[in-house]
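Values in this text are rule-based calculations from the coordinates and carry no lab data. For clarity, every value in this text was computed on a predicted model and none was experimentally measured. Here the Cβ is made from the backbone with ideal geometry for all residues, glycine too, and neighbour counts use every protein chain on show.
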Amino acid sequence: MILLRPAHAIVVACILLAQGSILAQSNHLRDATRRKIYHSLQQPLLSDSAFVVNDSLRLVLPDLEIMLARGQLATLRDSAGALAGLLFEGNAHVRFAPRHALERQQLHRFTRDSVFAGSASTILWRFVNAPFGEGVTDGADTFGVNAHARIRWPWQKLPRAPVQMSSNAAALPGLLQKDLLQRRGFNLAAYLLSSRYAESPSEFVACAFVPGSAFEPNEPRSSSPSIYLYLYEPRAHESIELLQYLPQALGRPLYTVCSYPVGDYFAAAPADFLRLTKYNGWVELNPNGRVTADMGVDIFTARQKPSTLFFQLAADLTVTRVTSEFGDTLDFVQEKKENGLTVFVPETVSQRDTIRLLFHYDGKILEKNENGILFLKETVFWVPHLDYLRRAVYRVIFKYPRSLRVLGIGHLAREWEEGEYRLSYYIESFPAKAASFCLGKFDSDTLLVDGLPRLEIHSTSYRSTQQRRHVAADIANSLFLFNRLIATYPGPMLRVVEAPGFVSHGFPGLVTLSWVGFQTHLSGILEALRSHEVAHQWFGNAIGWATYRDQWLSEAFAEYLGALYVEWVRQDRDSFAHLLEAWRDDLLEGGNVGVALGFKRFGLGKAALKKGEGLAAGPLSMGLRLGQKHALDYYLQTYLKGAYLLHSLRWLLRDLKTGSDARFWEFLADFARTYWGGDPSTQDLQNVAEKHFGGSLDWFFRQWVYGMAIPTYRWEYRLVPADSGSAVEISVQQEEVPPDFRMPVPVMVEYADGVRVTQRFWVDHHGGELAFSPRTAGVKRVVFNEGNAVLCRVKEK
């Protein structure tokens, strides 16, 4: 369960038009000039006079075109007099046309049109270096600071007049800063300030506009207009974003409508030149939920020598001091409710290949459940992160009341007591994407089995020894199976801790297992749940994922391996088939035919599935963006459709004559070996799969990862007399998919003498026919889509 993306990629998150003043300042900027500029960026100065627009002004940014027809355009400046933005009120036309087909589909999802076009009444631009040029009085017709942003306007013909804007329009720049902090924890002024100190000129542009009646937002017409935000940040891999904010809708949702690179949509994200590689710190834990930390970090800089660094940190944590390894106190900005802080790095520090910083912070981030165990409210950002879940090693000493225990990731290297306190020193030497811990009183059991890591089961006092041993059996058996089929478990021990709520997590060497996982009923489902979290020790931890678009790899592998474990441990293919049918039911039928088994572990059922968009939310590659309207849509696709994709891949690699899955398991082990300790992309998975398939699988991944279509097959069979008995002939029609969609569908014929013959039937838009060799034995049954190998709807002609 990971956040969507790096902080710099959600620069503009929402604008609220409610009245209010700028939040009280709480930054640590000692440099007077820098502090003054920062304050003015929070509330930039609106010019006294404005350009009067009576003719067309055309502004062009990547995929966005704005034509100002009539109104006033005022400048916004900071305390140094630099242009920091523009504010327009009047009549304008906006056109946004994403260059990529998948993003046009997402635009249609939110606006009911794949090209966004209509009128706008208020437009705000914020930037560091004006993309339109400063020379507004030199008579030129065209200005452009960079190759991506241009403005065409006969400046010499424009009159000026006193600013006459509505109070709502004039308040918009300040309200943007305030509400970004309150609603999303993002500090726009700090971002603009850090961009000003960047090594190269920043080309960042944020453009917010309130559409007119020509737009059709995906909300009831009685609601107030949506607010749209266009974002262009060439330093980000996905450099273009469009967001939609619905201020009058329930919950005031903010949606990421589009997010994509300017270039190749499927290109891998560039390697990070800045990497946080190590945590080394001291954390004091209080039973009231408060945490105080001195956390050191090592940052490898390579060729990049940063002047500023942004760290993500839980909004409930307040940083009081940042120092370098030389003892220098560094300037930083962290406002109340901000999800991180911006640190200004002096040149004497930034020029080193490894920067070492020490953060002192505290806050109430531990939450106590009804059984007295304290868990992190923010399971990832209790330590500062430089980027989106990059790998680092951890060396952390926890100090806490000696009547309690801390359970965390990694190896417990040492534990001792000092007065009323206990201290536990945990070391995680395998670079981990995230770390966690919990504090409390536990009932525990330990299981030692030759060939397996040390296994600890920790639960609340309400659990019996028998319940813990029941859980331990599935954990140990899963470890044994995955050790044999994939690779050796990557650590000396595994801790399993009972967690409140319905959600479980798998961290390196630590599983926080939902209380549901300690139940003994719902056999099959709960066995799969427990095994799913064990599988994350391989897929998710030892083998990670590259970006939010690839995070499905972690959950899909864990979900599929959990189901395969049920089949193996029960020696019962019907149990696996039952889970597979439940996945299909949840994906295609909304849980109507089956019983929504796939979601019982979340405490949900049919009703929850009916509320969501389901597969219509978008392709699997959209990741967490799928769950913006209904969180279950993310789980539905990432867990279930992703697992089903692996099931189809297994059938592609299966030897139909022998029924052997050897090639599938070889592929799985090869993928694990190749990317052990790494973060592969979907393309990396495809490359390894093609190696074992023996040909291109571009068609397969295009359909199931980047596509949304689900085929319907109408089929029938007939018996055709032959000299040596009779032959089975199959005819199929394919529906509800694009013309280039094709899949090999296995068809099984079982004869009266017990012989079973399975053949692959390649079906495309032409449909087709498949003939089995004649046999004298009678036909007992014919199964189209044997083993539910393809996610589809099957109907008889």
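Compared with the dominant Cα axis of the chain, that is its longest principal axis, helix 682-693 is turned about 30°. Each Cα pair under 8 Å and six or more residues apart adds its separation to the average, and for the chain the resulting relative contact order is 8 percent. Please report the spacing between the Cα centers of the stretch 381-406 and the stretch 525-549 in Å, no decimals. Using only Cα atoms, the two centres lie 21 Å from each other.
Say R0 is 30 Å: what FRET efficiency, to the nearest 0.05, do M67 and R235 get from their beta-carbon distance? All intermediate terms of the calculation are to be shown ahead of the outcome.
Numbers: r = 28 Å, r/R0 = 0.93.
Efficiency, rounded to the nearest 0.05: 0.60.
Amide H to amide H distances under 5 Å link A84 with L76, R77, D78, where only residues 5 or more positions off or on other chains count and H is placed in the peptide plane.
Helix 101-111: angle to the longest alpha-carbon principal axis of the chain, degrees 0 to 90, nearest 10? Relative to the chain, helix 101-111 is tipped by roughly 70 degrees. Test of understanding: given the chain, find the longest segment containing no GluC sites (Glu not before Pro) that are in a DSSP loop and have at most 12 other Cβ atoms within 10 Å. With a cap of 12 other Cβ atoms within 10 Å, the longest stretch comes to 421-735. Near R391, no amide H atom lies under 5 Å from its own; only residues 5 or more places off or on other chains count, and H is placed 1.01 Å from N.
Principal-axis analysis of the Cα atoms of the chain puts helix 642-653 at an angle of about 50° to the longest axis.
A value for Cα extents along the principal axes in Å was derived from the coordinates, and within the list (1) 92, 68, 57; (2) 92, 63, 56; (3) 95, 73, 48 it appears as (3).
Measuring against 32 Å, Cα to Cα, the residue pairs K36/K377; K364/K629; K337/K399; K336/K629 contain K36/K377 as the ones spanning a longer distance.
Taking amide H as placed 1.01 Å from N in the peptide plane, G501 has its amide H under 5 Å from the amide H of W515, each at least 5 places away in sequence or on another chain. Here the label points at D272 and A722, each 7 Å from Cα along the C-beta direction, are separated by 6.0 nm in the simple model. Once you reduce the stretch 744-797 and the stretch 90-129 to the center of their Cα atoms, the two points are 49 Å from each other.
Can you return the lysines within cross-link range of K657? Criterion is Cα-Cα under 18 Å, with same-chain partners fewer than 8 residues away left out. Hits, sequence-local ones excluded: zero. Applying 0.36 nm per residue to the separation of A80 and T329 and subtracting their alpha-carbon distance, the gain on full extension is 87.1 nm.
Here is how the number arises for the chain: DSSP H runs of 4 or more residues each give -39500 (n - 2.57), the sum is divided by the residue count, and the result at 222 nm is -7000 deg cm²/dmol.
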